[in-house]
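A short worksheet on the structure shown next.
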Amino acid sequence: MRMIAHISDLHFGMEDERIAERLLEDLNGIDPSVVVISGDLTQRARKRQFEAAGAFIRKIMAPCLVVPGNHDIPLYDVIRRTLTPLRRYRHYITADLNPVFEDDELIVLGANTARSATFKNGRISAAQIKMLADRLCSAGSHLFKVLVTHHPFLPPLDNPYAALVGRGGLAAEALEPCGLDLLLAGHYHRGYMGDLQSHDITVKRSIIVAQAGTAISKRIRGERNSYDRIIIDPPDICFDRYAWEGRAFVKTATTRYKKVGGAWQPQTQDIVNIPSF
Ligand SMILES: [Fe+2]
Ligand SMILES: [Fe+2]
């Protein structure tokens, strides 16, 4: 059994310090196998914001797998944006833009989708797709296989035309035969789930998509701050969403899938509590 804690869109510079403190207590109390941080660590890619984000991450005791988001590239500094878009991210967070976490049950690949040529959209390059496919296809078939990006593969249910990660279809096509099980991303500050097959008809087997909300940022969009705990115990996988209720993160939803005949099938969804907002 493995547990992934998935946090996203921290936006240091616009963070709520009290929520950040409680999140850290949660993460260090639950002892996850890995903490996935799916981008937008800062609000404007400023030094102090990266320093704060780096200090936060260093306080997490579990291994962390981090990818950058569009906010981690300077927006207004055109020279820096064009010539050295992720220099501060590399300096303060990690130089590895396509990180990997692997143990004997789980492999998690991260891919940088932030690009200086677009303001908020992102994409995967052809070279990244090849690298990801090589890595994922050569990993043991007994492993649970996860890809982490900042930009999503699946739109929110109520906004089917929302921009998705560029070349996402090509990536899904290449990674699906390698046994990709789960896609984790953020960006929209909305927590939602689905099966990639429901959106991309070229995908031949189910790939679960789990989008995290914003964990600690004041940049909320109609939802409370939240993060996810994902418990992987094949053939079962369980997603617990924890939302901020003013003093602590509380479990607000549990969604279960089971792998039946090679496909992930939704089992139950329990809405434990819907916080008023
Ligand atoms: Fe964000
Ligand atoms: Fe973003």
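Per-residue answers, yes or no, for (1) among the charged types (D, E, K, R); (2) within 16 Å of ligand 2 (Cβ to nearest atom); (3) closer than 23 Å to residue 28 by Cα:
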| residue | (1), (2), (3) |
| --- | --- |
| 156 | no, yes, no |
| 160 | no, no, no |
| 185 | no, yes, yes |
| 229 | yes, no, yes |
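For residue 198, the conditions (1) more than 21 Å from residue 27 (Cβ to Cβ); (2) touching a helix residue (DSSP H, G or I) at 6+ places or on another chain (Cβ under 9 Å) are fulfilled apart from (2). Across the stretch 23-45, not a single residue is classified as over 16 Å from residue 228 (Cα atoms), at pLDDT 95 or above and more than 16 Å from ligand 2 (Cβ to nearest atom).
Of the numbered criteria (1) within 15 Å of ligand 1 (Cβ to nearest atom); (2) out of contact with any Leu (no Cβ under 9 Å at 6 or more places or on another chain); (3) over 15 Å from residue 85 (Cβ atoms), the one residue 70 fails is (3). In the set 231, 220, 237, only one residue is out of contact with any Asp or Glu (no Cβ under 9 Å at 6 or more places or on another chain) and surrounded by fewer than 24 Cβ atoms within 10 Å (Cβ to Cβ); that residue is 220.
Selection over the stretch 201-217 of residues that are touching a helix residue (DSSP H, G or I) at 6+ places or on another chain (Cβ under 9 Å), crowded, with 17+ Cβ neighbours inside 10 Å and hydroxyl-bearing (Ser, Thr, Tyr) gives a count of 2.
With respect to (1) within 16 Å of ligand 1 (Cβ to nearest atom); (2) surrounded by fewer than 19 Cβ atoms within 10 Å (Cβ to Cβ); (3) within 23 Å of residue 26 (Cα to Cα), the lone exception for residue 61 is condition (1).
Among all residues of the stretch 116-128, there is none that is part of a strand (DSSP E or B) and within 25 Å of residue 263 (Cα to Cα).
Within the stretch 46-75, can you find the residues that are more than 16 Å from ligand 2 (Cβ to nearest atom), among the β-branched types (Val, Ile, Thr) and in contact with a Pro (Cβ under 8 Å, 6 or more places away or on another chain)? Scanning the stretch 46-75 gives no hits. Of the residues screened, residue 150 is one that is part of a loop (DSSP other than H, G, I, E, B) and buried (at least 22 other Cβ atoms within 10 Å of the Cβ).
The values are calculated or read from the model by the stated rules, or taken from the named source; none is laboratory data. Remember, it's a predicted structure, so these values are computed and weren't measured experimentally. Because the Cβ atoms are built from the backbone with ideal geometry, glycine has one as well, and the counts that use them run over all protein chains shown.
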